[in-house]
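First the structure, in the form of structure tokens, and then the observations on it.
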Amino acid sequence: MATQNDSSFREGQSTTRPPFFDGNDYPYWKTKIIIYLQVLDYEIWEVVCDGPFLPLTKNEVGEDIPKPSREWNELEKRKASLNSKAMNALFYALDKKEFHRVSSCESANQIWHKLEVVYEGTNQVKESKISRYTRQYELFQMEQNESVYSMYTRFTDIVNTVGALGKTFLHSEKVKKIIRSLPKEWRPKRTAIEEAKDLNTLPLDDLIGYLISYEEDLAAEKGHGEKKKSIALKVSKYESDVKSKPDDKELAMLARRFRKFFKKNGERRKFRNFKNQREKKEVITCYECKKPDHIRSECPLINKLKKKAMVAT
């Protein structure tokens, strides 16, 4: 079973249900409830703005006084009932807390004025808010890497907030403001629009459509460029790999050099072994004492014997 806190029951499912307000985002609700009341009956919206209709009559001295309800005609009764219809729509649009805030009001105009004072402040506070949001409007710029849709949403929020406070901007002013807010890379599109279109009559929706189309073209070109760059990098890497791999001729030449190198080292090794063996074979041995590294005439043993013989002599 749906309850009063169920947002799907409160609004959005039928045009006969007023936009619901729970104390949050008053500018958003105010814009929606104004349209709802105007669609319901434009005279109801006039009653909210100007106050209830009170039939008047003249007294004996010619002064205007309230006319007794029993003397109202059908037209006066219908106009007087517009206040009750407006109050009924506003009461159904408020949650319990907001309802108790305005339940003592006797007219739709009083309800409307009280909500404005609570959520927009007095005239002085309202002027301060208008000045602050107008400053945001004047300094508005499209941010880097921001989509057109996101930019337009931020712009619309500022414009609607200022509009809810009572200040409006001309259609041509909003178009020119968005054109001026575009970043440098959008300069070609900006120049093309300014030369081809009259900004004083160009619809804002058409401008946003042109910008979204241009944004999609930029994204497509960027994606194509990145794809070409990726392909070039792959080709460059493949060529580098191919160049780094030796072909059959290079491999054969390396093999020949390798074999030649080992063959030369092998011959040098054989020569050293032969030389060592030859040196070993050519070692001198004494015939007298049978010891190496000297001959018989230099043998110490013979010299010793000669010395003894000389002594004996």
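Any read-out appearing in this document is the output of simple, stated calculations on the displayed coordinates, not a laboratory observation. Worth saying up front: this structure is predicted, and the values here are computed from it rather than measured. Methodologically, a virtual Cβ is constructed for each residue, glycine included, from the backbone with ideal geometry; neighbour enumeration extends over all protein chains shown.
Can you give the Kirkwood hydrodynamic radius of the range 7-120 from its Cα pairs, in Å with one decimal? Please report the intermediate quantities before stating the final value.
Numbers: mean 1/r = 0.0652 Å⁻¹.
For the range 7-120, the Kirkwood estimate is 15.3 Å.
Shown here for the range 21-63: GluC sites (Glu not before Pro) in loop regions (DSSP other than H, G, I, E, B) with at most 16 other Cβ atoms within 10 Å, namely GLU60, GLU63.
Exposure proxy shown here: for ASP217, ASP41, the number of other Cβ atoms within 10 Å sets the order, fewest to most, as ASP217, ASP41. Take every Cα pair under 8 Å whose residues are at least 6 apart in sequence, average their separation, divide by the length of the range 7-120, and the relative contact order is 30 percent. Taking the square roots of 5 times each eigenvalue of the Cα gyration tensor of the range 34-85, largest first, gives ellipsoid semi-axes of 26, 12, 6 Å.
Among the listed pairs LYS77/LYS97; LYS58/LYS167; LYS184/LYS222; LYS167/LYS189; LYS129/LYS184; LYS58/LYS114, give every one whose C-alpha distance is greater than 28 Å. Numbers along the way, then the final one.
On the way: LYS77/LYS97 32 Å; LYS58/LYS167 40 Å; LYS184/LYS222 16 Å; LYS167/LYS189 30 Å; LYS129/LYS184 31 Å; LYS58/LYS114 32 Å.
Listed pairs above 28 Å: LYS77/LYS97; LYS58/LYS167; LYS167/LYS189; LYS129/LYS184; LYS58/LYS114.
Work out how much length LYS177 to SER103 would gain on full extension: take 0.36 nm times their residue separation and subtract the Cα-Cα distance, in nm to one decimal.
On the way: separation 74, 0.36 × 74 = 26.64 nm, distance 4.26 nm.
Result: 22.4 nm gained on full extension.
A cut-off under 11 angstrom between Cβ atoms defines the neighbours of SER69, and their net charge, with Lys, Arg +1 and Asp, Glu -1, is +1.
Which semi-axis lengths, in whole Å and largest first, follow from the square roots of five times the eigenvalues of the Cα gyration tensor of the range 121-173?
Working: eigenvalues 108, 25, 17 Å².
For the range 121-173, the semi-axes come out at 23, 11, 9 Å.
Sorted from greatest to least, the principal axis extents spanned by the alpha carbons of the range 77-128 come out as 41, 25, 16 Å. Under a 5 Å amide H cut-off, with hydrogens placed 1.01 Å from N, PHE21 pairs with LEU94, ASP95 among residues at least 5 apart or on other chains. With the Kirkwood sum run over all distinct C-alpha pairs, the range 86-224 has a hydrodynamic radius of 17.9 Å.
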